[in-house]
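None of the figures in this text is laboratory data; all of them are computed from the coordinates on show. Just so you know, these numbers come straight off a predicted model, no measurement behind them. Note that each Cβ is placed from the backbone with ideal geometry, even for glycine, and that neighbours are counted across all protein chains shown.
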Amino acid sequence: MPLSADEQSRYSRHLLLEQIGTAGQEKLRAARVLIVGAGGLGSPAALYLAAAGVGTLGILDFDHVELSNLQRQVLFDSSQIGELKTDVGRARLLALNPLIEVTSHAVELTAANASELIGPYDLVLDGSDRLATRYLVNDSCVIFGKMLVTAAIHRFEGQAMSYAPGRSPCYRCLFPTAPEDLIPNCAEAGVLGVLPGVLGTIQATEAVKLLLGIGEPLLGRLLTYDALEMRWQEFSFARRSDCAVCGDRPSITRPGEDAPSAAPVTAVQLRELLRQAAAAGEPGPLLIDVREPREFVAGHLDNARNIPLGELAQRLPELATEQSVVFICRSGRRSAAAGTMALRAGFQHAASLEGGLLSWAETIDPRLTVAPA
Amino acid sequence: MALSVKIPGPLRSYTGGAATVLAAGATLADLLDDLNRQYPGIRFRFIDEQQRIRPHMRIFVNHDEARRLDLRLRDQDQVHVLCALSGG
């Protein structure tokens, strides 16, 4: 279908560019882009892609608008606090450009739904705020053959790169695995409000170029930005033949295959396990408390052994892989990471105390002192 | 010979907030040792127990990826350490 008079007028500045023109604008109209995360990066990216006339946009986010989002998430305004981001975001994009379609996905992207959610799109723009999601998005794009534009921010710094199936290395070629210790997100570390505006519009630019097949996208190049120094840098990286997802013999062939998770065990279940073992005269599961020694000393479960998370990789060989292990920490976050580490190292039975010792103190033993992290 | 080393944001707590620091070494391994003398503990964040660059960290020398610690460094080389960022 040729461009309508309305479209010709709306996109007239694009039509003047020989790299876009009518054919390019029709390509953009036929394109489908999924934006993962309607946050600091997703906001400007979504606005510019809608304005540019990308025919189908999906916005994936399960959060509601919060007051602290408005310092950088320009898709929303003060009257929308508490509203679902995908709903008000969709309305804003359609108000900007009623000629496009916008689909809301108010869900969390998981290994189970990645195929269904990403499958219908041509390109994914990743603006999520969790490393686990970034790896899941990368792996899904490689596995399903989708183009990807990813960016991430921290305080005053940002980085961006693109991926095109068969034409470039992937995010995992650059950073093969996520760190075991958790890199703080914006809520924890703070971020300059305008920073995601810069990186998000870079992402939108890359998306348009990749969809049109013009220019030199960030394939095999990581672009970094330092707002304080006002400096851009570029780093080349190559595809790894041993990459777990895009390498010659990939070990990840389905989304989520890389991150085995420890079985969650509630405080009540753990108490029962320990009771049953004691009644039967058996040793029961090994309790490994992965908090820092300072926290451990303040209060811990009977018979628990302290191996701080930072030392665990080194000290896992002290434990037998066939032994049943329950990892314990304050809130359940570090113990889950420990469980993943143990399962990767070949342990057969690794569990993580759900809700950590805070939950144990609340439901089982209020006298337990749980030190602050 | 002191070379400039750019430290990734999430690890600047080791360098008192400094984004770029100076360190000396004939090889990348020497340079990281010197960095660790000045900022105790920082080397372990880059390098694991098997003396490999950690998989979520990348070290670039003059914008080219360095995959070996015995890489020889020259005067004026610029070293950048990058890590995966998570914010969005």
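If a spin label sat at a point 7 angstrom from the Cα of B:Thr15 along the line to its beta carbon, the backbone N atoms of the range B:21-40 nearer than 17 Å would be those of B:21-25, B:28-40. Distance between the modelled labels on A:Ala371 and A:Glu257, one decimal in nanometres: 4.2 nm (7 Å Cα→Cβ projection). Considering all C-alpha pairs of the range A:298-373, those separated by over 17 Å amount to 42%. Counting, for every residue in B:78-85, the Cβ atoms of other protein chains within 10 Å of its Cβ and taking the mean gives 6.
Taking the DSSP beta bridges with both ends in the range A:214-373, the antiparallel portion is around 30 percent.
For chain A, the longest principal axis of the C-alpha atoms and the axis of helix A:195-212 are separated by about 60°. With both bridge residues required to lie in chain B, what share of the DSSP beta bridges run antiparallel, to the nearest 5%? In chain B, approximately 85 percent of DSSP beta bridges are antiparallel ones. When chain A is treated as a Gaussian network with alpha carbon springs shorter than 10 Å, the biggest mean-square fluctuation among A:Ser68, A:Ser335, A:Ser104 belongs to A:Ser68. Calculated over chain B, the projected area of the Cα convex hull averaged across directions stands at 5.6 nm². Put simply, the Cα atoms of the range A:34-102 extend 30, 20, 18 Å along their principal axes, the longest span coming first. Panel order for A:Asp126, A:Asp302, B:Asp70, A:Asp77, by other beta carbons found within 10 Å of each beta carbon, from fewest to most: A:Asp302, B:Asp70, A:Asp77, A:Asp126.
DSSP beta bridges confined to the range A:1-108 are antiparallel in about 10 percent of cases.
Residues in the range A:45-72 near a label at A:Ala30, defined as backbone nitrogen under 19 Å from the 7 Å Cα→Cβ point? The answer is A:52-58, whose backbone nitrogens lie closer than 19 Å to the label point.
In the protein assembly as shown, the C-alpha radius of gyration followed by the widest Cα-Cα span (Dmax) gives 24.2, 83 angstrom.
Straight-line cross-link reach from A:Lys85 at under 29 Å between alpha-carbon atoms covers these lysines, not counting any fewer than eight positions away in the same chain: A:Lys27, A:Lys146, A:Lys209.
Please report the net charge: other residues with Cβ closer than 14 Å to the Cβ of A:Phe296, K and R +1, D and E -1. Net of charged neighbours comes to 0.
Note on A:Leu17 and A:Ala91: the extension gain reaches 23.7 nm, defined as 0.36 nm multiplied by sequence separation minus the Cα-Cα distance.
On a C-alpha basis, how far is the centre of the range A:13-33 from the centre of the range B:6-79 in Å? Whole number, if you could? What the calculation gives is 45 Å, centre to centre.
Counting only DSSP H runs of at least 4 residues, each contributing -39500 (n - 2.57), and dividing by the residue count of chain B, the helix-based mean residue ellipticity at 222 nm comes to -5000 deg cm²/dmol.
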